Every structure is written in C-alpha cells, then in structure tokens.
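Accompanying notes for the structure given below.
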Amino acid sequence: MPRILITGAAGFLGSHLCDRFIKEGFEVVGMDNLITGNMKNIEHLLGLQEFTFQHQDVSDYVHVSGELDYILHFASPASPIDYLKIPIQTLKVSSLGTHHLLGLAKSKNAKILVASTSEVYGDPQVHPQSEDYWGNVNPIGPRGVYDEAKRFQEAITMAYHRFHAVSVSIIRIFNTYGPRMRLNDGRVLPAFIGQALRGEDLTVFGDGMQTRSFCYVDDLVEGIYRLLMSNRAEPVNIGNPDEITILDFAKEIIKLTNTDQKIVFRDLPKDDPMQRKPDISVAKSLLDWEPKIDRKEGLKRTYAYFRSLSEEDLHKKEHNDFTNYIKK
Ligand code: UDP
C-alpha cells in the first residue's frame, strides 16, 4: 500500500485530497497545525486504519516515522484576508515549511508535489496566463507575503530537483471552489453565498469588471492526481478557463440562491488582479486533463453544502474586517 503525507489535511483542498487518496488505496498521513484548517473536514476519516492525523506546524519541523512514497504540500493560508491576519505564518509555511518537506522527501526518497498558485503571476499583463509567463507581482503589497512565499517555494523546489535529484511536481492552482470552503474566509464565493443565505447585500469590490475563472474542486483533485503520477517537474497550470466578471458572478449567485438580494459596491482591495484565466494547454497535452464540471453544476453542489451548515456557522463573523486592506 503506497503511503502519502498530505500537509494542510484539515483544509479545503487538503481534506478532499485525503478522501481521494484513501479511495485510491493509499495510506494517508494527514498533517495540519489547524490555524485555518478545521477538523470537521476530516472527522469522517479519523476512525480509518489507513488514516492518521498529526497535529504539527511544518514551519517549525516535520517528523514522520516510517516510509513515505509521496508528499503533497498543501498547508497554507489561502485567502487575502488571512494574509493580513497571519502574514508571517503565510510566509513561513511556503518557505521554511517547503524547505522542511523537501528535506523529508529527500531523506525518504519520496516524490513531492507542492501547491503553487496563479498568484505567482500577480496582476498579470499577459492573458490568459501560461506557465512561461514570469508574472507581475508587488513583493511588498498585502498579497506579497503569499505570492513571494509561493515564488520562493517554486525556486527551492526546482533547486532540490536539479541539485539533489528529488522527484518533484509544481501545480499552479487557479481559483477553486466547492464544499468545505470556510464560509467566512473572505473569498468571493463563500462571501456571496453567505451574504445571500443571511439575507444581506452582496458586496462587489471595485466596479466588478475584474475577472476570475473558477474550477470545481473535484476537477482540481483529478488534475493533482494526474500530475503527481507524471514525470513533469516544471509548473503546470490547473484551473477552469471559463472566465467571468465578478459582477456577473454575483448575479449568478443571486439566481442560484433564488433570493432578491441587492448588489452593493465596495472599494477594491489593493493589488487585486484585474483579470485571471489559465492557459491549460500543458495540462491538456501532458496529463490529458481538462475540467469536466461546469459552473452551473459545481455551484449547485457547493450551494447544497453551504445550505447544510448550522445557523451558528452561518452567522460567525470571524473574518470580515477588511479595513486595513482597502486601497488608500
Ligand atoms: N470580491 C468581491 N466581494 C467579496 C469578496 C471578493 O467582489 O465579498 C472580489 C475580489 O475583489 C476579487 C475577486 O472577488 O476581485 C476574487 O476574490 P477572492 O478573495 O475570492 O480571491 P482572489 O482571486 O482575489 O485571490
């Protein structure tokens, strides 16, 4: 039975990855420090013999006993509001944390796949974004702690590959959504659905003409699985190229939730990318991968999840303070 370590196991993507690798017959070691993760996302796995959980911060050290065949590094805060609240941890997990995990991969002779991001392209001046675009990142802006840590992560991962011959893959993840996103993590989909469910106005930042391209989580997980099993070391974009403006997205959510909420406009956060859409030709030709679940179906499934949450969860307001984040 192959054995895999998944960091960020209690998070949105990490928990779906645990499910998938258990289903594929792997023994899974899930690791998380639980600063943004939630044990609820993996509680259904805790009784399984093939699953163990280690409460550990990979930025401090990583110890795993026994053999490992694969490592997936998915631990990181991943929403702009988190970068403001926990900027140092955001920097550390993708830099120091990645260094620790590469060392672990080397010592266990394991293949490692690290989660990078479309944020390495910053506010892109090339559209759509392909892997050979170097990006347009502000290193000292509010998103710099995430973007630069992920860029460092890519650099050190390639260095371990070239210098130590560690087997690596790098996925650049574009906006992804689905069940188990944190309702109050500040990102646009949970924000809009939460607002609709609470009967509040939907807050569109800026004029809403900025674009994103949303990928359903199951499609992303399939892409990760295929990339892990491939020999590709250089980065690969995985995302859904179906691009939409945030204003149109708000309208879609109003329709989906069958509410008649109003749309209100708020200031655009600093360094908010104006457009984002993956060029997925590498994933198509190399992994024979493309997304299968369109936004209509994906949103239906995601809405069903959010509707199943308790009233208490729905009204938790942990992450709504955007005051430091607004462009002056
Ligand atoms: N956004 C919005 N209203 C919200 C939350 C986000 O209009 O309540 C916008 C945000 O300014 C950005 C887009 O939605 O242009 C996607 O934001 P998100 O935080 O989900 O992720 P990003 O792609 O910016 O990392």
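How long are the semi-axes of the equivalent ellipsoid of the range 1-139, defined as square roots of 5 times the Cα gyration tensor eigenvalues? Whole Å, largest first. Kindly include the intermediate steps, with their values, before the conclusion.
Values: eigenvalues 145, 56, 46 Å².
In descending order the semi-axes read 27, 17, 15 Å.
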Could you work out the local net charge near Pro241, counting Lys and Arg as +1, Asp and Glu as -1, over the other residues with Cβ closer than 15 Å to its Cβ?
-> 0
Mind ordering 297-307, 183-193 by average Cβ neighbours within 10 Å, highest first?
-> 183-193, 297-307
Checked the range 25-66 with the C-alpha gyration tensor, a ≥ b ≥ c its square-rooted eigenvalues, rounded below a/c of 1.5, otherwise prolate if a/b is larger than b/c and oblate if not; verdict oblate
About its Cα centre, the range 177-328 carries a charge dipole, from +1 on Lys and Arg Cβ atoms and -1 on Asp and Glu Cβ atoms, whose size in debye to the nearest 20 is 80 debye
Karplus couplings for the range 288-302 from phi (6.51 cos²θ - 1.76 cosθ + 1.60, θ = phi - 60°), rounded to Hz, Gly and Pro as x?
-> 6, 10, 8, x, 10, 9, 7, 4, 4, 5, x, 5, 4, 5, 5
Setting aside same-chain residues fewer than 8 positions from Lys277, which lysines have a Cα under 28 Å from its Cα?
-> Lys85, Lys92, Lys150, Lys251, Lys255, Lys262, Lys292, Lys296, Lys300, Lys327, Lys328
Once the Cα atoms of helix 12-23 and of the chain are each reduced to a long axis, what angle between those two axes, in degrees from 0 to 90 to the nearest 10, is obtained?
-> 50 degrees
Give, as a single signed number, the net charge of other residues whose beta carbon lies under 13 Å from the beta carbon of Val221, with Lys and Arg counted +1 and Asp and Glu -1.
-> 0
Per the Kirkwood formula on distinct C-alpha pairs, the Rh of the chain is how many angstrom?
-> 20.0 Å
With Cα atoms, 0 to 90° folded angle of helix 144-164 axis to the chain main axis = 20 degrees
P(r) of the range 86-215 over all Cα-Cα pairs, 10 Å bins starting at 0, rounded to whole percent, reads 11, 33, 34, 16, 5, 0
In the neighborhood of Leu202, defined by Cβ-to-Cβ distances under 13 Å, what is the net charge if each Lys or Arg adds +1 and each Asp or Glu adds -1?
-> 0
Provide the percentage of antiparallel DSSP beta bridges, counting only those with both residues in the chain; round to the nearest 5.
-> 10 percent
Once label points are set 7 Å from the Cα along Cα→Cβ at both Arg307 and Thr259, what is their separation, rounded to one decimal in nm?
-> 1.3 nm
Name the long-range amide H neighbours of Ser169: under 5 Å, sequence gap of 5 or more, or other chain; modelled H, no Pro or chain starts.
-> Ile112, Leu113, Val114
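Read the figures in this text as sums done on the coordinates, not as results from a lab. None of the values given here were measured: they were computed from a predicted structure. Cβ: placed from backbone, ideal geometry, glycine included. Neighbour counts: every protein chain shown.
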